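Student: First the structure, then my questions, so here it is.
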Amino acid sequence: MQTTIHTEADHALEKLQETLAAFTADGRTVALVPTMGALHEGHLELIRLAGEYADVVVVSIFVNPKQFGPKEDFARYPRMLEEDVKKAVEAGAHFIYAPEAEELYPAGFDSSVSAGALSTILEGKSRPGHFDGVATVVTKLLLRILPHVAIFGEKDYQQLAVIRRFVADLDIPVDIIGAPIVRETDGLAMSSRNVYLSAEERAAAPALYATLQSTAQHIASGKMLSAALRLGVDALTKAGFKVDYLELRHADTLAPMDKFVSPARLLVAANLGKTRLIDNIAVE
Ligand code: AMP
């Protein structure tokens, strides 16, 4: 299939919608991979996976102002549309949808999707409003593109849980697929925000995943949960992190656990200098 690129606001969406409707009428399936750009191998794996689930792959690139807090990095978030388009197409994207903020949120826009209790814990506690911003933009993208499947990374594990919840609650007709975390060779989960790390911070960063692994091992081998978590926080603090949370949660509902019961997920958020890093791992 020939790749068509839609990056301009005026009528691009209409044209894209017409084309996708024709594909769908023809019996072909559509996958959407929502991103904020600054694409890395983690995003590219989602795009490749999308190609396994559907005939037509749409990648959206949009730095969504509504999911950033007033003191967060919206203004300095890396933007590199031209490079992103090239990478996405090489990974198998057939259409790129890169709207301007005014197209998604025109003057007078005044509604939002409220993500419920899941949005108030973990990331939501430190980033109030973040998941409502995510839920609002993902809902809009799903309704604009009407994909059969949408692919999201387990890197943002809570985000995936929130999306599964509101998609089910609001009867949005799409299959949500979660994709495994792609890591650098030293274990650091790939992230567009890793470019913020200084050389020294980058050298310390792999301790985040190493600590998740050792803590998961302690928990799985029967160590008392509170003791295992305390050890983990100590290790991260020693490595130079300021820990926001290190918690074991039910893998699907994200309900808290006071002892290990399968299926469980160990989730962490910690700051290295000014950069907030998140990661997670299954405990089996
Ligand atoms: P972002 O551009 O950061 O909003 O991410 C777009 C999508 O890519 C989200 O579904 C993320 O969970 C996913 N993603 C980001 N980093 C990774 C990674 N290292 N491995 C797998 N998926 C990722």
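Student: For the list (1) farther than 19 Å from LEU246 by Cα; (2) away from the ligand (no atom under 16 Å from the Cβ), I need the number of the one condition that SER221 fails.
Tutor: Among (1) farther than 19 Å from LEU246 by Cα; (2) away from the ligand (no atom under 16 Å from the Cβ), SER221 violates only (1).
Student: Right, here's the next one. I'd like to know if the stretch 204-216 contains one or more residues that are within 15 Å of the ligand (Cβ to nearest atom), small (Gly, Ala, Ser), under 30 Å from PHE62 (Cβ atoms) and under 21 Å from the mean Cα position of the chain (by Cα).
Tutor: yes
Student: Okay, moving on. Looking for something touching a helix residue (DSSP H, G or I) at 6+ places or on another chain (Cβ under 9 Å), under 19 Å from LYS125 (Cα atoms) and small (Gly, Ala, Ser) - is there at least one such residue anywhere in the stretch 254-266?
Tutor: no
Student: A further question on this structure: List every residue pair whose Cβ atoms sit under 7 Å apart, with the two residues 6 or more apart in sequence or on different chains, where the first one lies in the stretch 19-41 and is charged (D, E, K, R) and the second, anywhere, is within 16 Å of the ligand (Cβ to nearest atom).
Tutor: Qualifying pairs under 7 Å: GLU41/VAL182; GLU41/MET190.
Student: Follow-up. Only one residue in LEU104, LEU122 is within 16 Å of the ligand (Cβ to nearest atom), modelled with pLDDT of 95 or more and touching a strand residue (DSSP E or B) at 6+ places or on another chain (Cβ under 8 Å), so which one is that? Talk me through it step by step, then tell me what you get.
Tutor: On the way: LEU104 fails: touching a strand residue (DSSP E or B) at 6+ places or on another chain (Cβ under 8 Å).
One residue alone meets the criteria, LEU122.
Student: Within the stretch 140-164, track down each residue that is more than 26 Å from LEU208 (Cα to Cα), within 15 Å of the ligand (Cβ to nearest atom) and free of Cβ contacts under 8 Å to residues at least 60 places away in the same chain.
Tutor: Those that are more than 26 Å from LEU208 (Cα to Cα), within 15 Å of the ligand (Cβ to nearest atom) and free of Cβ contacts under 8 Å to residues at least 60 places away in the same chain: LYS140, ARG164.
Student: (1) buried (at least 18 other Cβ atoms within 10 Å of the Cβ); (2) in contact with a strand residue (DSSP E or B) (Cβ under 9 Å, 6 or more places away or on another chain): which one isn't true of GLN67, the others all being true?
Tutor: Of the numbered conditions (1) buried (at least 18 other Cβ atoms within 10 Å of the Cβ); (2) in contact with a strand residue (DSSP E or B) (Cβ under 9 Å, 6 or more places away or on another chain), the odd one out for GLN67 is (2).
Student: Let me ask you something else. Going through ILE219, ILE181, ILE177 one at a time, which residue ends up being part of a helix (DSSP H, G or I) and at pLDDT 95 or above?
Tutor: Step by step, each of ILE219, ILE181, ILE177 is checked, and only ILE219 is part of a helix (DSSP H, G or I) and at pLDDT 95 or above.
Student: If a residue must be more than 24 Å from THR35 (Cβ to Cβ), among the polar types (S, T, N, Q) and surrounded by 15 or more Cβ atoms within 10 Å (Cβ to Cβ), how many such residues does the stretch 100-128 contain?
Tutor: The total comes to 0.
Student: Related question: Keeping to the stretch 155-182, report how many residues are hydrophobic (A, V, I, L, M, F, W, C) and touching a strand residue (DSSP E or B) at 6+ places or on another chain (Cβ under 7 Å).
Tutor: Here is the first cut: in the stretch 155-182, the ones hydrophobic (A, V, I, L, M, F, W, C) are 160-163, 166-168, 170, 172, 174, 176-177, 179, 181-182.
Those still in the list that are touching a strand residue (DSSP E or B) at 6+ places or on another chain (Cβ under 7 Å) too: 160, 163, 167, 174, 176-177, 179, 181.
So the count comes out to 8.
Student: Considering PHE62, PHE74, which residue is aromatic (Phe, Trp, Tyr), within 10 Å of the ligand (Cβ to nearest atom) and on the phi < 0 side of the Ramachandran plot? Write out each step before concluding.
Tutor: On the way: PHE74 fails: within 10 Å of the ligand (Cβ to nearest atom).
After ruling out the rest, the residue left standing is PHE62.
The values are calculated or read from the model by the stated rules, or taken from the named source; none is laboratory data. Since this is a predicted model, take the numbers as computed values, not measurements. For neighbour counting, all protein chains shown are included, and Cβ atoms are generated from backbone atoms with ideal geometry for every residue, glycine included.
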